[in-house]
Amino acid sequence: QFLFVVTFTTFLLCCVEYDVLFANRPLNHTAPDRSKVTLPDAVLPAPQCAQRIRASGWIIFLLVMAAVFWLYRLVKVLCSLLSYWEIRTFYIKALNIPSEGLCNYSWQEVQARLISLQRRQQMCVHKRELTELDIYHRILRFKNYTVAMVNKSLLPVRFHLPLLGSVVFLTQGLKYNLELLLFWGPGSLFQNKWSLRPQCKRAGARQELARRLARAMVLVGLANLLLCPCVLVWQLLYAFFSYAEVIKREPGSLGARRWSLYGRHYLRHFNELNHELQARLSRGYKPATKYMNSFTSPLLTVLAKNVGFFAGSILAVLIVLTVYDEDVLTVQHILTAITLLGLVVTLARSFIPDEHTVWCPEQLLQRVLAHVHYMPDHWQGNASRSETRGEMAQLFQYKAVFILEELLSPILTPLILIFALPARALDIVDFFRNFTVEVVGVGDICSFAQLDVRNHGNPQVRGGVLGVGGSLAQQPRSPPPAPQWLSAGQTEASVYQQAENGKTELSLMHFAITNPRWQPPPPSELFLSQLKEKVQQDAAAAPPAQLILAEGPLGASLLS
């Protein structure tokens, strides 16, 4: 795709005669039977095209930068292919899973074979047996750190801007630079894929490490600033080639929503694999869409109806004239007008709500919570407030907002790296020193990923247990939320050590459900057993499901 975009863009800039293509200049045909301009007529000969490219120093510079980046990607892809071949060989020979039958195995079955293989062949020489948690730790080592930093609000991704208020900005470009600085880049805090640098574990070196990290952040930010024109041109071209046809075919697709990158980190459990997170957020997609679409603006609805009516009327007349006489299509810009009017009509319809929608934001938000598992305390009972919807929009953003953020990323990422991130350098160094533990056979991991309720539990968090507790007790997916976490009295963590929003407790429950064969340590086992008892008691004391359904507004309309 990268090679095609660069080649095709260079062709459009240097090898097309647009005066001929747009019929601004008459073309003298040698053949008397040719009166129309064809595409080959507008394409310049190869020598003339090459001369145009050589005459532009800016295009040559961009082509050289593109060639260097493409070669880097090529080497990376080749290394990845070698790694994938080793993985394929390991699956076939060690795990006895043939390639053609791989799709028939669940992750739990693959993991069970891996644990069994460790007992027989001692792949990991430092310990006799591998547990499910060990495997997750090795796969998700860096992701657990990132999730913990987002949970502790350590990364500067939230900003207060005039007129816009609180804004969250986390893009793929910013995430890439953060991982480069912290995990795998030269001079990062990790010296390899499994071990933190020894000086990062010494409290006496924190100031010097923070200064070095802040300096590295500024240098990486300056490098991003220098590369900003190249990256920005690439982002614009890639966005155009990716979304132009989709927008023409389905203009309403820009109004569709997606889980933001910040939302994926905020809602992600510790020790949650990519496919597990994707499945959970996909189950919450429709309820979240219904909740966000339940907020409508009467003024915007009236405006959209009128704009759609006017544009649709003009479009209908143009279509009728075209059907009556196809020569209407030869009129200049008539096709452009029909296309733009169709886009306006489609966009206007996307702002008109379904007249049969039932207004029940509290029930819809509870359905969302049953899948995403996390909700700030102040959302409880305030689902109908615009502030709640605005905060939800930071997690579940418009696709148009996602595209705009990615386009602005080459400009804003260097500013964040230079001005906002260095102020957090000391806090980041302290975080890695205080929340890193070494596990035999696994290496250095984030201590939050150990799912230790005693050291990282948060007993003051209320609510948020929807969906997970129900699975533990084999009850319906959304039991009534407990008034307080059962980790109260079981945790010794200070405020600094506690994970926010009950992430330790919820991550422990999710991991226990996902890996039923896993044997948790005694404190975690005690927490899980008490939670099961609590959920079973609540389920036994709850009124019958038919009565709950009949008392709710949605149930009343269904049973009327």
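Taking each residue of the stretch 263-280 that is free of Cβ contacts under 8 Å to residues at least 24 places away in the same chain and looking for partners that are not small (Gly, Ala, Ser) with beta-carbon atoms closer than 6 Å, six or more apart or interchain, yields 277/268.
Condition check ((1) open to solvent by less than 10 Å² (accessible area, probe 1.4 Å); (2) out of contact with any Pro (no Cβ under 8 Å at 6 or more places or on another chain); (3) outside any loop (DSSP other than H, G, I, E, B); (4) at pLDDT 50 or above) across all residues:
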residue: 430; (1), (2), (3), (4): no, yes, yes, yes
residue: 437; (1), (2), (3), (4): no, yes, yes, yes
residue: 445; (1), (2), (3), (4): yes, yes, yes, yes
residue: 448; (1), (2), (3), (4): yes, yes, yes, yes
residue: 455; (1), (2), (3), (4): no, yes, yes, yes
residue: 459; (1), (2), (3), (4): no, yes, no, yes
residue: 470; (1), (2), (3), (4): yes, no, yes, no
residue: 474; (1), (2), (3), (4): no, yes, no, no
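Give the stretch 134-172 a look and list any residue that's of a type in the set (Gly, Ala, Ser) and under 20 Å from residue 214 (Cβ atoms), or say none. Give the derivation first.
Within the stretch 134-172, the first condition is being of a type in the set (Gly, Ala, Ser), and the residues that meet it are 148, 153, 165-166.
Within the stretch 134-172, just 153 meets the criteria.
Filter the stretch 136-155 down to residues that are open to solvent by 10 Å² or more (accessible area, probe 1.4 Å) and not hydrophobic (A, V, I, L, M, F, W, C), then give me how many there are. Walk me through it before giving the result.
In the first step, residues of the stretch 136-155 are kept if they are open to solvent by 10 Å² or more (accessible area, probe 1.4 Å); the result is 138-139, 141-143, 146, 150-155.
If we keep only those that are not hydrophobic (A, V, I, L, M, F, W, C) too, we end up with 138, 141, 143, 146, 151-153.
Here the count works out to 7.
Restricting the stretch 267-291 to residues that are over 24 Å from residue 499 (Cα atoms) and among the charged types (D, E, K, R), the residue that is surrounded by the most Cβ atoms within 10 Å (Cβ to Cβ) is 290.
If the condition is being among the hydrophobic types (A, V, I, L, M, F, W, C) and in contact with a Phe, Trp or Tyr (Cβ under 8 Å, 6 or more places away or on another chain), then the stretch 421-444 contributes 432, 435, 442. Report, by residue number, each residue of the stretch 156-181 that is crowded, with 20+ Cβ neighbours inside 10 Å, in a helix (DSSP H, G or I) and aliphatic (A, V, I, L, M). 174, 178, 181 - these are the residues of the stretch 156-181 that are crowded, with 20+ Cβ neighbours inside 10 Å, in a helix (DSSP H, G or I) and aliphatic (A, V, I, L, M).
Right, residue 264: more than 30 Å from residue 434 (Cα to Cα) and surrounded by 14 or more Cβ atoms within 10 Å (Cβ to Cβ) or not? Here the answer is no, as residue 264 does not meet what is asked. Entry remark, the stretch 232-261: residues being surrounded by fewer than 15 Cβ atoms within 10 Å (Cβ to Cβ) and in a loop (DSSP other than H, G, I, E, B) number 2 in total.
Close contacts from the stretch 367-384, counting a first residue that is modelled with pLDDT of 90 or more and a second that is β-branched (Val, Ile, Thr) and in a helix (DSSP H, G or I), with Cβ to Cβ under 8 Å and a gap of 6+ residues or different chains, come to 373/468; 379/388; 382/388.
Here the stretch 27-76 is the region considered, the condition is being modelled with pLDDT under 90 and touching an Asp or Glu at 6+ places or on another chain (Cβ under 7 Å), and the residue that is surrounded by the fewest Cβ atoms within 10 Å (Cβ to Cβ) is 27. Residue 126 fulfils the conditions (1) more than 30 Å from residue 431 (Cβ to Cβ); (2) modelled with pLDDT under 95; (3) loosely packed, with under 13 Cβ neighbours inside 10 Å except for a single criterion, (1). Here 330, 357 are screened, and the one residue that is touching a residue at least 24 places away in the same chain (Cβ under 8 Å) and farther than 17 Å from residue 392 by Cα is 357. Here residue 244 does not fit the description of being under 30 Å from residue 504 (Cα atoms), without any contact (Cβ under 8 Å) to a residue 24 or more places away in the chain and of a type outside the set (Asp, Glu).
Counting residues in the stretch 164-173 that are farther than 14 Å from residue 421 by Cα, at pLDDT below 95 and among the hydroxyl-bearing types (Ser, Thr, Tyr) gives one or more.
Report yes if residue 219 is within 15 Å of residue 418 (Cα to Cα), open to solvent by 50 Å² or more (accessible area, probe 1.4 Å) and among the hydrophobic types (A, V, I, L, M, F, W, C), otherwise no. Quick ask: steps written out before the conclusion?
Details: within 15 Å of residue 418 (Cα to Cα): yes; open to solvent by 50 Å² or more (accessible area, probe 1.4 Å): yes; among the hydrophobic types (A, V, I, L, M, F, W, C): yes.
Judged against the criteria, residue 219 is a match.
In the stretch 319-359, the residue that is modelled with the highest pLDDT out of those that are charged (D, E, K, R) and not in a helix (DSSP H, G or I) is 325.
The values are calculated or read from the model by the stated rules, or taken from the named source; none is laboratory data. Given the structure is predicted, the values throughout are model-derived calculations rather than measurements. Note that we place each Cβ from the backbone using ideal geometry, even for glycine, and neighbour counts take in every protein chain shown. The accessibility values were calculated without ligands, DNA or RNA, using every heavy atom of the protein model including side chains. Shrake-Rupley method; radii C 1.70, N 1.55, O 1.52, S 1.80 Å.
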